[in-house]
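For reference, the structure is listed below as structure tokens.
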Amino acid sequence: MTLVGFVGLGNMGGPMAANLVKAGHKVRGYDTSSGSLEQAAGTGVEACTSLAEAIEGADTIFTMLPAGKAVRTVYQGTGGVFAAAAAGALLIDCSTIDVATARIVADGAERAGLDLLDAPVSGGVGGAEAGTLTFMVGGPADAFDRARPLLSTMGRTIVHAGPAGAGQAAKICNNMVLGVSMIAVCEAFALADRLGLDRQKLFDIASQSSGQCWSLTNYCPVPGPVPDSPANRDYAPGFTAEMMLKDLRLAQDASNASGAATPMGAEAAALYGLYCNGGNQQQDFSAIFKMLAANHKDKAR
Ligand code: NAD
């Protein structure tokens, strides 16, 4: 049994902490939201009213926070993880944040004599609940080996991507592909509509041809061809447009900082920005089809 401190018990962190409890670990949790804390308590997490209480004496400390700013506060702030973690504690940040912050926080951990991994996930809330997340992990190899048994209780695929920041780099590269490919698939269905090509026929052909991709075959953005895709439930998420925009902007920040040319990623970020500004942040990200297909006389079908 490991004594775990878990900070950030929201949509993802809550079920992840619950899976650690189910696996027999003692989990002390902290969240600034009393609602998240109460919900976690219902799954067997020991609810703590301060960060200090949650991390005191913990063997491993997980964080699952909204953005880089919260991660810096929790790790580097007064009374934060670097100041209060027990000697030898393993620190694992599962939040999706910018690569630069991930590396700064990793440097801070090294100065504090602690091992830290960036370990963002994919698989969404469903994967967090089912314990089938994919972990993309950056940091020292020996820390990765220490982390693996705990990560296995929350995920199915656990990959050591490289040194500090490599997990975040993998996450934003993957999600840039996803954002761009989703838009491409939406554009193809919008064009098919204009040309009078049946949507199911396009799906049957493209899913067996060179246009095949996850956005088409697993998450088809029009109702019908993939029965459990969000398009069949009026685009209830799933993965929100707001989250996709966040990840695409993180990819653009990293492109600008590193000098990479990612014009399609930039266009995808611009389109998701437009879509979210239209009040659609909480729609599933595949609902951008409605914006791309707008003005077509058959758009409601
Ligand atoms: P969420 O907003 O539901 O949860 C974040 C939690 O952190 C909230 O409960 C909030 O109160 C808490 N928090 C914020 N600042 C805090 C602080 N200083 N101290 C303690 N608690 C604090 O978000 P989520 O959906 O759980 O996502 C968490 C992270 O996982 C994000 O970085 C997101 O990009 C990433 N992610 C989410 C999904 C998804 O489908 N939801 C999928 C993959 C990755």
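The values are calculated or read from the model by the stated rules, or taken from the named source; none is laboratory data. Not measured: the values here are computed from a predicted model. Methodologically, a virtual Cβ is constructed for each residue, glycine included, from the backbone with ideal geometry; neighbour enumeration extends over all protein chains shown. Please note that ligands, DNA and RNA were not included when accessible areas were found on the heavy atoms of the full protein model with its side chains. Shrake-Rupley method; radii C 1.70, N 1.55, O 1.52, S 1.80 Å.
Observations on the model:
- Our helix-only sum for the chain, with -39,500 (n - 2.57) per DSSP H run of n ≥ 4 divided by its residues, gives a mean residue ellipticity at 222 nm of -14500 deg cm²/dmol.
- Label-point gap, in nm, between T157 and A184 - each point 7 angstrom along Cα→Cβ: 1.8 nm
- A simple spin-label model places pseudo-atoms 7 Å from Cα toward Cβ; at A83 and R111 they are separated by 1.4 nm.
- Normalised contact order of the chain, rounded percent, pairs of Cα under 8 Å and 6 or more residues apart: 12 percent
- Normalised per residue, the accessible area of the chain is 45 Å², obtained with a 1.4 Å probe and no contribution from ligands, DNA or RNA.
- Mean Cα-pair separation over length for region 122-240, i.e. relative contact order, pairs under 8 Å, 6 or more apart, %: 18 percent
- In terms of the mean number of neighbouring beta-carbon atoms within 10 Å, the peptides 109-116, 189-196 order highest first as 109-116, 189-196.
- Part-to-part distance (alpha-carbon centres) for region 132-174 and region 236-258, which is given in Å: 20 Å
- Considering every alpha-carbon pair of region 117-224, the percent of pairs per 5 Å bin, from zero through the bin containing the longest distance, is 2, 12, 17, 16, 13, 11, 11, 8, 5, 2, 1, 0.
- Of the GluC sites (Glu not before Pro) found in region 1-74, those that fall in a DSSP loop while having at most 16 other beta-carbon atoms within 10 Å are E56.
- Placing a label point 7 Å from the Cα of R233 along the Cα-to-Cβ direction, the residues of region 256-292 with a backbone N closer than 15 Å are 283-287.
- Projected-area mean, region 3-163, by convex hull of Cα positions, square nanometres: 7.8 nm²
- Full extension of the chain between A52 and S210 gives 51.6 nm of extra length, using 0.36 nm per residue less the Cα-Cα distance.
- Calculated on alpha-carbon atoms, Rg and Dmax of the chain in Å: 20.5, 66
- Accessible heavy-atom area order of V125, V45, highest first, probe of 1.4 Å: V125, V45
- Taking the chain as a Gaussian network of alpha-carbon nodes connected by springs under 10 Å, the highest mean-square fluctuation of the residues I288, I55, I104 belongs to I104.
- Taking every lysine pair in region 169-300 that is 8 or more places apart or spans two chains, those with Cα atoms closer than 21 Å amount to 6.
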